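Have a look at the structure below, then the notes.
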Amino acid sequence: MVMTLKDIGMNHGQQYEVILTSKNNDGSQNAAPFGTIVKGTNQIVNHIFQGSTTLNNILKNKEFMVNITSNPIYFTLAIINNIPSEYYVNKDSLILKDVDAYFKASVDNTKNFIKKDDPIKPVESTYICSNVSDITKNKSDVVAINRGIHCIIESLVNYSRVDKVKGEKLDYFLGRFNENSRVINKVGSKQDKEAMKMIKKSLKNKGYEI
Ligand SMILES: Cc1cc2nc3c(=O)[nH]c(=O)nc-3n(C[C@H](O)[C@H](O)[C@H](O)COP(=O)(O)O)c2cc1C
């Protein structure tokens, strides 16, 4: 039976943080983390800021690899520089070693747009819709990262401290709540949104303005 995104823990309508790998012009490997939204049974969408190497590679090659992992080192290496070649299964592959799962994405259609809801400024981006194939699971319990639960945990840690701080520190904590709430609105599950609603209600009951 052909595997679907659901079989690797990726549910319809949700966004997951994954590592996209693509080939550069000289054949070398490029890796970077990107939010990836499940659009259909085996279809994904990415919104990528223009200027990114990944975007240029995807538009040129019409395909890329999606690596599902919770390994913080991979995310960090990919952002601060690039993931060195020895972390791939071999020098020609786009598959990272020991990831939970991976699949191939083949571009179906693309569209340029201005991302207006960016927290910093409106930014020129490209919408990429891709078909998924060759899903491979390296583990039975694949974890595709969604930011929602992390935002809830951070909010609850702040919640448990909020009564102990005043002034600038309090403003900082309340600002963090608002930021976590923004992220949850964007990428959280139904349960994450429900949990955030409970946290906000309780904070308001305590007299905090958020
Ligand atoms: C968890 C995470 C998710 C990200 N998601 C996106 C995204 O969805 N779209 C985007 O344009 N940049 C996103 N970024 C930023 C890119 O990864 C970053 O700009 C990267 O340096 C691009 O690398 P590249 O030039 O090799 O493609 C994300 C970063 C992180 C850490």
Top-ranked residue in the range 145-158 [being buried (at least 17 other Cβ atoms within 10 Å of the Cβ) and of a type outside the set (Val, Ile, Thr); ranked as farthest from Val187 (Cα to Cα)]
Asn158
Residues in the range 20-38 that are within 11 Å of the ligand (Cβ to nearest atom) and either among the charged types (D, E, K, R) or assigned to a strand (DSSP E or B) (or both) total 12
Against the condition surrounded by fewer than 17 Cβ atoms within 10 Å (Cβ to Cβ) and touching a residue at least 60 places away in the same chain (Cβ under 8 Å), how does Phe49 come out, does it pass?
yes
Identify the single condition in (1) surrounded by fewer than 17 Cβ atoms within 10 Å (Cβ to Cβ); (2) acidic (Asp, Glu); (3) within 11 Å of the ligand (Cβ to nearest atom) that Glu17 does not satisfy, given that it satisfies every other one.
(1)
What is the one condition in (1) surrounded by 14 or more Cβ atoms within 10 Å (Cβ to Cβ); (2) under 21 Å from Gly9 (Cα atoms) that Lys190 does not satisfy?
(1)
When restricted to Thr76, Thr41, Thr110, Thr54, the only residue more than 14 Å from the ligand (Cβ to nearest atom), of a type in the set (Val, Ile, Thr) and free of Cβ contacts under 8 Å to residues at least 60 places away in the same chain is Thr41
Quick check: anything in the range 113-125 outside any loop (DSSP other than H, G, I, E, B), among the polar types (S, T, N, Q), buried (at least 16 other Cβ atoms within 10 Å of the Cβ) and within 19 Å of the chain's Cα centre (by Cα)?
yes
Looking at Ser85, Ser70, Ser93 in this structure, which one is more than 9 Å from the ligand (Cβ to nearest atom), within 15 Å of the chain's Cα centre (by Cα) and not assigned by TED's automatic domain parsing to the domain that holds Asn185?
Ser70
Looking for something under 26 Å from Val183 (Cα atoms), in a strand (DSSP E or B) and in contact with a Leu (Cβ under 9 Å, 6 or more places away or on another chain) - is there at least one such residue anywhere in the range 68-91?
no
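The values are calculated or read from the model by the stated rules, or taken from the named source; none is laboratory data. As the structure is a prediction and not an experimental result, all values here were calculated from the model. Quick reminder, even Gly has a Cβ in these numbers, built from the backbone with ideal geometry, and neighbours come from all protein chains shown.
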